[in-house]
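What follows is one structure encoded as structure tokens, with my remarks underneath.
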Amino acid sequence: MNRRKAFVVKAIEQPLSTLRNHHDVVGLTRQLFCSRLLDKRAPFHVAVHNFDGKLINRVPGEFHYTEPHAHDVWELDLVVPSSRNFLFQFEVDGEVRFIKTASTLLVPPGVEHRMEVVRGTGMMLCIVCSGSYARSLMNRFPNRSGKPRRR
Ligand SMILES: [Fe+2]
């Protein structure tokens, strides 16, 4: 394989529920842009979550479609609001924080996290620094006390 040769990977629609620890929800569509599932040469997992504003009955601090998990590589999440009422939340090591403006969330390897839109329209671009999302998931990762635990 010529590692210096550029290549194109065509995106597909893929339900969120195809990922472990994630569930489908009204108001969210997902496109998988890059992954070893699409091309075995892919060095990254890249997906876009589109939020159409139809998510209802959302309470800040409550999570509905992602469960805490950790990767053995970095994860970057570019949060891109497109409405004034946009609110995005993430939980890292048990602490919930909120994003209202265009931002990048950077999650180091081994850090427990989850993130969801609360309200508004926009998108999140998720980059996991591994071609295989599934293989990047850690079965055991440190909890808030620093001790490993089993999921
Ligand atoms: Fe993640």
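Where a number appears in this text, it was derived from the coordinates with a stated rule and is not lab data. On a predicted model such as this, the values are computed, not experimentally measured, just so you know. Here Cβ is always computed from backbone atoms with ideal geometry, including for glycine, and neighbour counts include all displayed protein chains.
Worth pointing out:
- Kirkwood-based shape ratio for the chain, expressed as Rg/Rh from alpha carbons: 0.97
- Fully extended contour minus Cα-Cα distance, from residue 21 to residue 132, at 0.36 nm per residue: 38.5 nm
- Bridges between two residues of the stretch 1-105, per DSSP, are antiparallel at a rate of about 100%.
- Assigned charges on the beta-carbon of Lys, Arg, Asp, Glu; the chain dipole about Cα centre (debye): 540 debye
- Under a model in which nothing but the beta-carbon of Lys, Arg (+1) and Asp, Glu (-1) is charged, the stretch 51-90 shows a dipole of about 340 debye around its Cα centre.
- When the Cα positions of 139, 115, 37 are compared along the charge dipole of the chain, 37 comes out farthest toward the positive end, with charges on each C-beta of Lys, Arg, Asp and Glu.
- The chain, relative contact order in percent, only Cα pairs under 8 angstrom and at least six apart counted: 26 percent
- Those trypsin sites (Lys or Arg not before Pro) in the stretch 37-112 that DSSP places in a loop and that have at most 12 other beta carbons within 10 Å: 40, 54, 84
- Relative contact order [Cα under 8 Å, 6+ residues apart], the stretch 1-74, whole percent: 28 percent
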